[in-house]
1. Return the residues of region 29-63 that are surrounded by 10 or more Cβ atoms within 10 Å (Cβ to Cβ), assigned to a loop (DSSP other than H, G, I, E, B), at pLDDT below 85 and not charged (D, E, K, R); say none if nothing qualifies.
2. Output the qualifying pairs, or none if there are none: Cβ atoms under 8 angstrom, residues six or more apart or on different chains, first residue in region 76-93 and of a type in the set (S, T, N, Q), second residue surrounded by 10 or more Cβ atoms within 10 Å (Cβ to Cβ).
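The values are calculated or read from the model by the stated rules, or taken from the named source; none is laboratory data. On a predicted model such as this, the values are computed, not experimentally measured, just so you know. So basically every Cβ, Gly included, is an ideal-geometry build from the backbone, and we count neighbours across all protein chains shown.
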Amino acid sequence: MTSVSGPGPTGGTGPTDSTDRTGPTDSTGSSTGEVKTLPFAVTLVVSVATVFVCGELFGFPWWLRLITVVVVGLALEAANQAVGRARARRKAL
């Protein structure tokens, strides 16, 4: 296959990647004014810890551990949403 450079389908000459238009941002989007969020790694670590505690200390079967992890994940996401909205509201004032 050959590569042809020149205007794209929209007539522009540069790449159409969205990072070129918004400037540099980190993974949380803080330089664009967005509120930082909880990293996925925190959710993953808390989920693994929940599985271990429920299985080893409480003796939950696998299906009850799964339900517990889903509930903990939803609780973390709800807390993340609440904190993000509170920060955004405070920032808007």
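1. Once the filter is applied, which keeps residues that are surrounded by 10 or more Cβ atoms within 10 Å (Cβ to Cβ), assigned to a loop (DSSP other than H, G, I, E, B), at pLDDT below 85 and not charged (D, E, K, R), region 29-63 yields 29, 35, 37, 38, 39.
2. If the second residue must be surrounded by 10 or more Cβ atoms within 10 Å (Cβ to Cβ), the pairs left are 80/37; 80/38.
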